[in-house]
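Read through the structure below, which is laid out as structure tokens, and then see the notes.
The values are calculated or read from the model by the stated rules, or taken from the named source; none is laboratory data. In this text the structure is predicted, and so the values were computed from the model without any measurement. All Cβ positions, glycine included, derive from the backbone under ideal geometry; neighbour counts span all protein chains shown. Calculation scope for accessible area: heavy atoms of the full protein, side chains included, ligands and nucleic acids excluded. Shrake-Rupley method; radii C 1.70, N 1.55, O 1.52, S 1.80 Å.
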Amino acid sequence: MPEPPPPRLDEIDARLLDLLQHDAGRTLHDLGERVGLSPSAVQRRIARYRRDGLIARQVAVLDPHRFGPIVLATVLVTLNRESFEHHGAFAERMLSNPQVQQCYRVAGPWDYVVVLAARSMRECGRLGDRLFKADDNIKRYETLVAFDTIKTGLAVPLPAPRPSRPRDGRP
């Protein structure tokens, strides 16, 4: 199934979506002031973004270090056997574990990049054993423990906005 074409955004859409993906907790009034719209016009646009699937969901991003020590690790994974079923089983296991923060199927010598969050090194090791060592279809995996978080984020680069037309109706 082909991917839908990128949405056609005007300048206000691009600015509003950028503001929302960096802080969706802003008030409609604040957003409207920043993009030059009334709060009700902002609300209508946000409703359209949700309806059109541009906004997939809204979540609260917690600071993991405020809850005590945390170990973040990136795991590079290669499968033994590759088929739709094997990839599907691996993906299901990653999706079902809340300690798997992110998982990407990648090109190159590795099949997957997985980001894990654990409360300790011991817990991280046990999690790796459960998720990777216990799976006979994992050919190889390598764990890279993060010493420090430099940057995190999920902001998406937006397509360039279409040029605005003059208000007098001329092209």
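Close amide H pairs (under 5 Å, H built 1.01 Å from N) link LEU79 with ASP111, LYS139, residues at least 5 positions away or on another chain. What residues from segment 84-116 fall in the zone where the backbone N is under 13 Å from a label point 7 Å along the Cα-to-C-beta line of ILE70? Taking a point 7 Å out along Cα→Cβ of ILE70, the residues of segment 84-116 whose backbone N falls under 13 Å are 99-102, 116.
Charge dipole (Cα centre; +1 on Lys/Arg Cβ, -1 on Asp/Glu Cβ; no other charges) of segment 1-129 amounts to roughly 320 debye.
Around the amide H of VAL71, modelled in the peptide plane, lie the amide H atoms of ALA118, ARG119, SER120, all under 5 Å away and 5 or more residues distant in sequence or on another chain.
Placing +1 at every Lys and Arg Cβ and -1 at every Asp and Glu Cβ, with all other atoms neutral, what dipole size does segment 11-51 have around its Cα centre, in debye to the nearest 20?
On the way: 8 positive and 6 negative charges, 57 e Å.
Its charge dipole is roughly 280 debye.
Values of log10 I(q)/I(0) for segment 1-57 across q = 0.22, 0.27, 0.30 Å⁻¹ run -0.84, -1.22, -1.45, by the Debye formula with one identical scatterer at each alpha carbon and no solvent.
Across segment 92-97, computed HN-Hα scalar couplings (Karplus, 6.51 cos²θ - 1.76 cosθ + 1.60, θ = phi - 60°) run 4, 5, 5, 5, 7, 9 Hz from first to last residue, x flagging Gly and Pro. Which value in deg cm²/dmol, rounded to the nearest 500, describes the helix-derived mean residue ellipticity at 222 nm for the chain, given -39,500 (n - 2.57) per DSSP H run of n ≥ 4 and division by the residue count? Helices in the chain give a 222 nm mean residue ellipticity of -9500 deg cm²/dmol.
What the chain shows is 74 Å² of accessible area per residue, with the surface traced by a 1.4 Å probe over protein heavy atoms.
For segment 45-155, averaging the sequence separation of C-alpha pairs within contact (under 8 Å, six or more residues apart) and dividing by the residue count gives a relative contact order of 36 percent. Relative to the longest principal axis of the Cα atoms of the chain, helix 39-51 runs at roughly 40 degrees. Over all Cα atoms in the chain, the spread is summed up by Rg and Dmax: 21.2, 68 Å. Considering only TYR49, TRP110, ASN80, the residue lying farthest towards the positive end of the dipole of the chain is TYR49, judged by Cα position with unit charges set on Cβ.
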